Amino acid sequence: MEVERVQAIVSSSLAKDNIPLEFVRPEDEQPAITTFHGLIPDIPVIDFNHPDQDHIIHLIANASRDWGIFQVVNHGIPFHLIQKLQQVGKEFFDLPQEEKEVYAKPPGALTLEGYGSKIGKDVNGKKNWADHLFHKIWPASCINHQFWPKNPPSYRPVNEEYAQEVRKVVDKLFEWLSMGLGLEADVLKQGVGGEEIEYLMKINYYPPCPRPDLTLGVTSHTDLSAMTVLVPNEVPGLQVFKDGHWIDAKYIPGALIIHIGDQIEILSNGKYKAVLHRTTVDKEKTRMSWPVFLEPPGEFVVGPLPQLLDPQIPPKYKPKKFKDYSYCKFHKLPQ
Ligand code: OGA
Ligand code: NI
C-alpha cells in the first residue's frame with residue numbers, strides 16, 4: 001500500500017520530537033496560537049430527561065441557532081453500549097497495519113466508505129494528523145459489509161445495536177428541532193430524506209503527536225450532513241468557533257455531541273447554523289471519535305422550507321441535490 005497512514009508514521013517514526021513538514025499548519029491555524037483560553041461559556045448541555053418537553057425544545061432551538069452544536073446527556077443510549085462501540089473500534093485500529101489495509105477505500109471509489117487517511121484536497125498540500133474508517137450503518141439497503149471490520153468478531157453486532165439506538169435519538173432530535181422552528185414534528189426529517197436518510201459511521205483515529213501545537217487532526221469545517229451525532233473518547237480535542245474564538249469542547253462521559261450540519265442550515269433557511277469546528281491532537285494519548293453523519297440520499301433535493309419563507313424572508317440558499325452539494329463542497333466549488 002502506497003498511502004502512508006498517520007498511525008504507521010508514528011509507530012515507525014525516527015524523529016521523536018518532530019513531525020514531517022506536511023503536517024505543520026500555517027500559523028493562523030496552529031492550535032498553540034489560535035486556541036482561546038479566556039472565560040467563555042461552554043457548549044450547551046441538554047438533559048433529555050428534563051420533565052418539561054417545551055423546555056428541552058427551547059434549549060435545543062437556542063443552541064442550534066447560537067452555537068450549531070450541543071451535548072446531550074440522558075439520551076437513552078446505554079453507557080455500556082457506548083463503551084462497547086469504543087472498544088471494538090479501538091480493537092480494529094490496534095490490528096496490524098496489513099489487516100486494516102484490507103478495508104482500504106478503493107482508489108477512485110465514488111463512496112467515502114473504507115479505511116483511509118484523508119478526504120478532500122488541501123489547497124496548501126497539508127495533511128491531517130488522523131486516520132479514519134467510514135461505513136454506512138443504516139438503512140439496511142445501503143450497508144456494504146465489505147467495509148465493516150470482521151475483527152474483532154463483535155464489531156458487527158455492536159455496530160448494529162448502536163445503529164438501532166442512535167436512530168431513536170435522531171428521531172427525537174429531528175422532532176424537537178422541527179418544533180423549535182414552530183413546525184410540525186416530522187418536517188425536518190422528511191426534508192432531508194425521511195426513512196431514506198443514510199447513517200454514515202466514521203471512526204477518527206488521532207495518534208499521539210510529538211508537536212500537537214503545530215498540527216490539526218481535522219481542519220476547520222462544517223459537516224456536509226444534515227446533523228452529526230458524535231461519541232468522543234476521553235481525550236479532549238474537539239474545538240468550535242464561537243464569537244471569533246476557537247474554544248475547547250468539554251468531555252462529558254457518555255454524552256452525545258450533536259452538530260448541526262449544512263443540510264439543516266439550508267432547510268431552516270439559516271435559522272439553525274452549521275457549526276464550524278476542528279480537532280487538535282494530544283502529545284501522549286490517542287484520541288478517537290465516532291461521528292455518525294445523517295445524510296440525505298444523493299438524488300434528494302434539499303432547499304429552504306417554504307413554510308419559513310415569505311416576501312420579507314427570501315431564501316438564502318439554492319435547492320440542490322445532495323450529491324451535487326457534496327461534489328461542490330468536496331471540490332471547493334461555489335454552491
Ligand atoms: C469530523 C469531525 C470531530 C471529532 O470527523 O467531521 O469533525 O471530535 N470530528 O473528532
Ligand atoms: Ni466534522
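The values are calculated or read from the model by the stated rules, or taken from the named source; none is laboratory data. Just so you know, these numbers come straight off a predicted model, no measurement behind them. With ideal geometry, Cβ positions are generated from the backbone for all residues, glycine too; neighbour counts draw on all protein chains shown. For the accessible areas, the whole protein counts, side chains as well, though only heavy atoms, and no ligand, DNA or RNA atoms are used. Shrake-Rupley method; radii C 1.70, N 1.55, O 1.52, S 1.80 Å.
Sorting 219-230, 77-88 by their mean Cβ neighbour count within 10 Å, with the most densely packed peptide first, gives 219-230, 77-88.
Using the Cα coordinates of the chain, the gyration tensor eigenvalues translate into equivalent-ellipsoid semi-axes of 31, 23, 21 Å, sorted from longest to shortest. Peptides 130-138, 210-218, 93-101, 322-330, ordered by how many other C-beta atoms sit within 10 Å of their residues on average, highest first, read 130-138, 210-218, 322-330, 93-101. Solvent-accessible area per residue in the chain equals 46 Å², computed with a 1.4 angstrom probe and all protein chains kept. What the Cβ-Cβ distance of Asp54 and Lys329 gives, at R0 = 56 Å and to the nearest 0.05, is a FRET efficiency of 0.95.
In this structure, Lys283 and Glu234 have a Cβ-Cβ separation that, at R0 = 25 Å, corresponds to a calculated FRET efficiency of about 0.95. Relative to the longest principal axis of the Cα atoms of the chain, the long axis of helix 53-66 makes an angle of roughly 60 degrees. Label sites at Leu276 and Asn74, each approximated as a point 7 angstrom past Cα along Cα to Cβ, lie 3.5 nm apart.
Under the combined filter of DSSP loop state and at most 14 neighbouring Cβ atoms within 10 Å, the stretch 169-210 retains these GluC sites (Glu not before Pro): Glu184.
Dividing the helix sum by the residues of the chain, where each DSSP H run of 4 or more adds -39500 (n - 2.57), gives a mean residue ellipticity at 222 nm of -8000 deg cm²/dmol. When the chain is treated as a Gaussian network with alpha carbon springs shorter than 10 Å, the biggest mean-square fluctuation among Pro157, Pro44, Pro236 belongs to Pro157.
In this rough spin-label picture, where each label sits 7 Å from Cα along the Cβ direction, the Thr111-Lys90 distance is 2.9 nm.
For the stretch 6-296, a crude dipole built from +1 on the beta carbon of Lys and Arg and -1 on the beta carbon of Asp and Glu, taken about the Cα centre, is about 540 debye to the nearest 20.
With contacts taken as Cα pairs under 8 Å at a separation of at least 6 residues, the chain carries a relative contact order of 21 percent. Have a look at Asp282, Asp54, Asp248 and tell me which one the Gaussian network model of the chain (Cα, springs below 10 Å) gives the largest fluctuation. Largest GNM mean-square fluctuation: Asp54.
Rounded to the nearest 0.05, the FRET efficiency derived from the C-beta distance between Glu184 and Asp66 at R0 = 22 Å is 0.40.
For the chain, with all protein chains in place and a probe radius of 1.4 Å, 56% of the accessible heavy-atom surface sits on carbon or sulfur. Taking max minus min of the alpha-carbon positions on each principal axis, the stretch 94-213 gives extents of 49, 38, 28 Å, largest first.
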